[in-house]
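In what follows, a single structure is set out as structure tokens and then discussed.
The values are calculated or read from the model by the stated rules, or taken from the named source; none is laboratory data. Just so we're clear, the structure is a prediction, and the values are computed from it rather than from any experiment. Counting neighbours? That spans all protein chains shown, and the Cβs are built from the backbone with ideal geometry, glycine included.
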Ligand SMILES: *Cc1c(COP(=O)(O)O)cnc(C)c1O
């Protein structure tokens, strides 16, 4: 079935006898049993709830997985996946991860005895030198946040399988509409569903998607034990969001391309980082492994004063954390998502006072350009 059809008709399972077109919200914590040793298939919503189950089936199909788990946030998904590992286990993570994942690894995960090495995941030699006998996983995010570096997922999968590692890919920026890491050899796909999958800047959620039945069983056990599950109403909001995922991704990408090209022509903008520009260093890898380039970009102003001025002057584009929604948002990574990273390390990654990150929405591109023109050039 085509991706766009799955977006609209997420699962074949029907829960309703009335013919309701919209999936019912089963706002129930518990489910009565018809008799001893008999079950409707549901017992308690921490383990499973029909509305969440429908959403999970849709996400699993879209990612090409056998199972998907829906969490109350993206971080809850990352944290649960970390529970697969034991004290002493070592994980190689790509250099340029979401700040919240770095904070998780450095605090609760480290306190539990997990060890992390950050490596240039674009470079096989760097990955190989990070390996230890205790290495159990490779955790990558591509394109990365906020520098928009692209990792070759198939090459990472080859490295992981050659060394018996689980490959975990945070696919938040691309969504399965543009990129399906399980098909390229990843073992676990993670999402902050708060971003494009929700797409309306109104609901937090997260996903973990797997192909392997054994991994699904281990994650399901941890999930019902720890309880980071998505609520029925929020599950329903996501089911509704998915119906327009393909349309939103196309519209947002088209706007992002137009804005990236316009920013390139601006004298006060020194650099534009967008994988869809042919001059992007990993443009060819992007074209090979994904069917699009997404709608996230970052750019460097000529001075920190120009960058701060842009944030102060935008009117339509909102100065707010998060990304992926229909509303365009601009962020200052240095002060927001990456504020917890030591300054020297942050600057070495290019995340300095000049860098801004833009999540492009579905507004008219002309209005977005007019807003940026005003913010950058005072016109
Ligand atoms: C936002 C984000 C997360 C965390 O997700 P939440 O839903 O905010 O908990 C993880 N990874 C990436 C790439 C993100 O952008």
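Within the bounds of region 143-164, is there any residue that is part of a loop (DSSP other than H, G, I, E, B), within 20 Å of residue 242 (Cβ to Cβ) and not assigned by TED's automatic domain parsing to the domain that holds residue 361? No, region 143-164 has no match at all.
Does at least one position in region 190-200 carry a residue that is under 18 Å from residue 136 (Cα atoms), in contact with a helix residue (DSSP H, G or I) (Cβ under 9 Å, 6 or more places away or on another chain) and buried (at least 23 other Cβ atoms within 10 Å of the Cβ)?
Yes, there is a match, as at least one residue in region 190-200 is under 18 Å from residue 136 (Cα atoms), in contact with a helix residue (DSSP H, G or I) (Cβ under 9 Å, 6 or more places away or on another chain) and buried (at least 23 other Cβ atoms within 10 Å of the Cβ).
Considering only residues that are surrounded by fewer than 21 Cβ atoms within 10 Å (Cβ to Cβ), in a loop (DSSP other than H, G, I, E, B) and on the phi < 0 side of the Ramachandran plot, which ones fall in region 310-336? The answer is 315, 316, 320, 321, 326, 327, 335, 336.
Among residues that are assigned by TED's automatic domain parsing to the domain that holds residue 28 and under 15 Å from residue 219 (Cβ atoms), residue 134 is not included. Taking residue 201, is it within 14 Å of the ligand (Cβ to nearest atom) and more than 18 Å from residue 55 (Cβ to Cβ)? When the stated conditions are applied, residue 201 passes them. Among the candidates 77, 110, 121, the residue that is more than 28 Å from residue 1 (Cβ to Cβ), touching a strand residue (DSSP E or B) at 6+ places or on another chain (Cβ under 8 Å) and within 16 Å of the ligand (Cβ to nearest atom) is uniquely 121.
Can you pull out every residue in region 80-102 that is more than 8 Å from the ligand (Cβ to nearest atom) and closer than 11 Å to residue 168 by Cβ? Of everything in region 80-102, those that are more than 8 Å from the ligand (Cβ to nearest atom) and closer than 11 Å to residue 168 by Cβ turn out to be 81, 82, 84, 85, 91, 92, 93, 94. On inspection, residue 172 does not qualify as in a loop (DSSP other than H, G, I, E, B), farther than 18 Å from residue 289 by Cα and in contact (Cβ under 8 Å) with a residue 24 or more places away in the chain.
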